[in-house]
Structure formats: structure tokens, C-alpha cells
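Working notes for the structure below.
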Amino acid sequence: MMLLNKKFKIFDIHAHIYPDNIAEKAVKNIGRYYNIEMYGKGTVDGLLESGRQIGVDRYLVHSSATHAGQVKSINDYIAGVVTSHSNMIGFGTLHYDQEDIESEVERMIALGLKGVKLHPEFQNFVIDEPSMMPVYKAIAGKLPLLIHMGDRNKDSSSPIRLARVLDKFPDLVVIAAHFGGYSMWEDSRKYLLGRNIFMDTSSSLAFLDPAEAVDMIRNHGAGKFMFGSDYPMWTHKDELDRFFRLDLSEAEREAILYNNAAKLFGED
């Protein structure tokens, strides 16, 4: 592949990282759930090594708490990573079963975290169930939400469920991962395209026909899409290669690869 990374700045807004001592186990568990061979190590060093292959300029890093007791330690870990890496911003995590969600949101802001990452399947919740409403209420108007969307075996992260949440919380800034619904792209078209939300390209371009992907981008608006690698699932090189197979204009590529994220997060 002829890399165009020096022509286009790149902001990877979907990268999972874990502490070195648990990264191997975490990556294996993800691979087992999706029944795929994982590419990366899941460590910060592994992320940077992969991103250097295409010249990534900035990263959004995150991790999700599988139980309430992990929330504070994960948020502290992500905050520590971004403090020591000037090319990274961090999203913290929350859990519906934790006490005093509002207090943790304020602590996350004080730590310099820029948003919240949630994963319905791994965190064992349904997007529009009542137990999640305090989480959305606590972050609406304060922190953007990057949420995993879509699953082959469950509908806990289905697009229609997110649409119901958007109706209840119009001030909630949402990045709906995976073109709004991994393996549920028709439902994403039906319920999410055109809504006032962002989407990312992660874990979708290997499965969507390029013409279909372009059609979804243009129907939703290139100004509301962002590039994401979903590291450590895929290589940055392969994801960029897939992205450049899309018949997009230079302006659309610039927006999706960097400018939209930079504007949202106030980064250069």
C-alpha cells in the first residue's frame, strides 16, 4: 500500500489500551468473544508501534470497566497515560452499578479526561434500560460518549436502543462506534443516519462494501464521521488501506481522518 499519512493528518479516536500486566489477558478475552485473531498487544507501546506505521498524529485511548469496582482505577490509569503522552487524549469509563456517578464524572473532568467510553456487551447492560439513565443524565452536556454499537448475537447495543436514548437526552454528545452498529448497519441506516451524532469507522470497513460505506458517510454527513482503528483488533496499516479504498474527496478524507475529531476535542 502507498501510505498517504504525510498528506493527511490522522486522529485515531478508537484505541483500547490496558496496563502491561493485564493486557495479554484482556486481548485474549476480546478475541475469544468475537472469535477472531487479535492483532495487537493492547499496551501503550504496542499502540504507538502500530500507529507509527501510518503516521498517526493523535490518539483517543480508553478502556471499559466490567464491574463498578474497576471504574476509579481505570480512570486513574487512562489519566496517567495521557499525562505522559502529549499525543493522546483519554476517555474514562463509568458503570451503572457504581455509587455516586455524578461525583466520578466531576473527578474525571478534574483528571483531564475528555469523555466516557461504554461497551454494552462487555459491561453487561442494555443501552436503553432504566439503570443506564443516571449515567446519561450525569454526562449530558458535560462529556461526550463513545459507545460500542452492534453485536451479532445480542441486541443490547442495537441502533434503535440508542435512538431512544437520544430522544430522552438531546444534549448528549454521542460517537456511535462502528458506523452506528457493527453487523447491524441496516438498522443504523434506519434509526441513526441523519441524527445529531458522530460515528466512527472502526471495525466496519473490513465488512462493508466500499460503495455502501461511502453512501452511509454522505447520507449522515462526512462532518460527523471520524477515523478509528479499534486497536488492538486490527492493524492501523490495514484500517487506513481500507479507508483509502473509499471513493471520497480530499476534503472528506481530511475531515474524517483528523479535522472532525480535532474540532470536537479542541485539539490542534
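Between residue 263 and residue 218, what is the FRET efficiency for a Förster distance of 25 Å, r being their Cβ-Cβ separation, to the nearest 0.05? It comes to 0.85.
Ellipsoid semi-axes for region 57-141, based on the Cα gyration tensor and the rule √(5λ), read 22, 13, 12 Å when sorted largest first.
Could you sort 244, 91, 122 by their accessible area in this structure, using a 1.4 Å probe and putting the largest first?
Putting 244, 91, 122 in descending order of accessible area: 122, 244, 91.
Just so you know, the averaged projected area of the alpha carbon convex hull for region 202-252 sits at 3.3 nm². Spin-label model, residue 97/residue 171: points 7 Å from Cα along the beta carbon direction are separated by 3.0 nm. Coordinate range of the alpha-carbon atoms in the chain per principal axis, descending: 50, 40, 37 Å.
Going by a ≥ b ≥ c, the root eigenvalues of the Cα gyration tensor, does region 10-90 fall in the rounded group (a/c under 1.5), the prolate group (a/b larger than b/c) or the oblate group? It comes out oblate by the Cα gyration axes.
Karplus-derived 3J(HN,Hα) values for region 124-138, using 6.51 cos²θ - 1.76 cosθ + 1.60 with θ = phi - 60°, are 6, 9, 9, 3, 9, 6, x, 5, 8, 4, x, 5, 5, 4, 5 Hz; glycine and proline are entered as x. With the whole protein complex present, residue 216 retains an accessible surface near 0 Å², based on a 1.4 Å probe.
With kT/(6 pi eta Rh) evaluated at 37 °C and eta = 0.692 mPa s, and Rh the Kirkwood radius from Cα pairs, region 1-148 diffuses with a coefficient of 204 µm²/s according to Stokes-Einstein. Only lysines eight or more places from residue 263 in sequence, or on another chain, were considered; those with a Cα closer than 29 Å are 6, 7, 9, 72, 114, 117, 137, 142, 168, 190, 224, 237. Computed from the C-beta positions of residue 67 and residue 137, the FRET efficiency with R₀ = 22 Å rounds to 0.55.
Distances between placed amide hydrogens fall under 5 Å for residue 182 paired with 149, 150, all partners being 5 or more residues away or on another chain. Accessible surface for residue 238 stands near 70 Å², nearest 10, in the context of the full protein assembly shown (1.4 Å probe).
Centre-to-centre separation between the Cα atoms of region 55-79 and those of region 113-169: 17 Å.
Starting from the exponent 0.38 and prefactor 2.2 Å, build the expected Rg for region 152-268 from its residue count and divide its actual Cα Rg by it.
1.02
In region 178-228, the alpha-carbon atoms span a convex hull of 62 Å³ per residue.
The values are calculated or read from the model by the stated rules, or taken from the named source; none is laboratory data. Being a predicted model, the structure only gives us computed values, none of them experimental. As a convention, Cβ positions derive from the backbone with ideal geometry for all residues, glycine included, and neighbour counts pool all protein chains shown. These area figures cover heavy atoms from the full protein model, side chains too; ligands, DNA and RNA do not enter into them. Shrake-Rupley method; radii C 1.70, N 1.55, O 1.52, S 1.80 Å.
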